[in-house]
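Student: Below are the structure tokens for one structure; questions will follow.
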Amino acid sequence: MRTKKITLYYSVTQKKVIPPGPGELERKDSWIRIIQSEVKSEWEPITVRVTYQIFNPETDQQRKFMEGPVVDYWLIQSQDLLDGDISPAMKRKARETLLDKTLGYDVDLMDGKARRRKSTTDFVETQEWHNYLEMLRETEFEPNGYEFPNSEDFWKMAEAYGYDKAKSASIEQLRRRLKGKLGSSDLSTNG
């Protein structure tokens, strides 16, 4: 099986249900055909679970903002990473550190790790995400003198160039500003 999961989005109004576009439905049908080709026999079917849940694009956008620019900004500033690539392992560790600091922490027990902290998947309302991002700004960024990413500017850039390019551009802009601050502080101490 090429992929284990596929997601479709339906829009629902008071009077109608608007299904995904024909291309998305064909992608789903193609995925089902691939699964069918991997069924060993008629008496051993593969089960496909279909879950319907309400999707809030605003909370998804805030989650992406936190896991993208917010984590990147914190990692770059806390580790003085003014150059080079950020490895996925570094980013994962930074994300976990931020979550541990702000939502509680997991506990290592003899028989494994016990989940003790809240999860960002519990944030289902836009206001919960807003409150969490504000708490991050107030507890992890401002006291340390770190710059917090501007959400509006980031999403304007993402709309114009795509999420990944906006993330790369915002990282480069932050690094330029930090290098500029370091350069100007070097001049003031040397002069």
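Values quoted throughout were computed directly from the atomic coordinates according to the rules given, and no laboratory measurement underlies them. None of the values given here were measured: they were computed from a predicted structure. Cβ placement follows ideal geometry from the backbone for every residue including glycine, while neighbour counts extend to all protein chains displayed.
Student: If we sort 21-27, 9-15, 89-95 on the protection proxy, mean other Cβ atoms within 10 Å, highest first, what's the order?
Tutor: Answer by packing, highest mean first, reads 89-95, 21-27, 9-15.
Student: What does the charge count near Met157 come to, summing +1 for each Lys or Arg and -1 for each Asp or Glu among other residues with Cβ under 14 Å from its Cβ? Write out the running numbers ahead of the final one.
Tutor: Details: positive: Lys64, Lys156, Lys165, Lys167; negative: Asp72, Glu152, Asp153, Glu159, Asp164, Glu172.
Overall, the nearby charge balance is -2.
Student: Quick one: compute the contact order of segment 57-183, relative version, from alpha carbon pairs under 8 angstrom and 6+ residues apart, as a percent.
Tutor: 31
Student: Obtain the nm distance between the two label points defined at Val12 and Arg177 by a simple spin-label model: each point lies 7 Å from its Cα along the Cα-to-C-beta direction.
Tutor: 4.1
Student: Based on Cβ point charges of +1 for Lys and Arg and -1 for Asp and Glu, what charge dipole magnitude is obtained for the chain about its Cα centre, in debye rounded to the nearest 20?
Tutor: It comes to approximately 480 debye.
Student: Given axes a ≥ b ≥ c from the Cα gyration tensor, I'd like to know whether segment 114-183 is rounded (a/c under 1.5), prolate (a/b larger than b/c) or oblate.
Tutor: Note, shape of segment 114-183 comes out oblate.
Student: Further question: Normalising by the residue count of segment 1-110, find the relative contact order in percent from Cα pairs under 8 Å and 6+ residues apart.
Tutor: Relative contact order for segment 1-110 comes out at 14 percent.
Student: Another question about this same structure. In debye, nearest 20, what is the charge dipole magnitude of segment 1-55 about its Cα centre with +1 on Lys and Arg Cβ and -1 on Asp and Glu Cβ, if you could check?
Tutor: 240
Student: Answer with one residue from Val71, Leu136, Leu178: the one whose Cα lies farthest towards the positive end of the charge dipole of the chain, charges on Cβ with Lys, Arg +1 and Asp, Glu -1.
Tutor: Farthest towards the positive end: Val71.
Student: Roughly what angle does helix 88-103 make with the longest principal axis of the chain, taking Cα atoms, 0 to 90 degrees, to the nearest 10?
Tutor: Here the helix axis deviates by roughly 80 degrees.
Student: Let me ask something else about it. In nm, give the distance between the simple-model label positions of Lys28 and Asp122, each being 7 Å from the Cα along the Cα-to-Cβ direction.
Tutor: It works out to 3.2 nm between the two label points.
Student: Taking the Cβ of Asn131 as the centre, find all other residues whose Cβ is under 15 Å away and add up their charges (Lys, Arg: +1; Asp, Glu: -1).
Tutor: -4
Student: Between Arg137 and Ala89, what is the label-point separation in nm under the 7 Å Cα-to-beta-carbon projection?
Tutor: Going by the 7 Å Cα→Cβ label model, 3.4 nm.
Student: How long is the gain from Glu159 to Val39 if the chain were fully straight, where each residue apart is worth 0.36 nm and the alpha carbon distance is subtracted?
Tutor: Extra length from Glu159 to Val39 when fully extended: 39.1 nm.
Student: Taking one equal scatterer on every alpha-carbon of the chain, how large is log10 of I(q)/I(0) by Debye at q = 0.13, 0.18 1/Å?
Tutor: These q points yield log10 I(q)/I(0) values of -0.94, -1.27.
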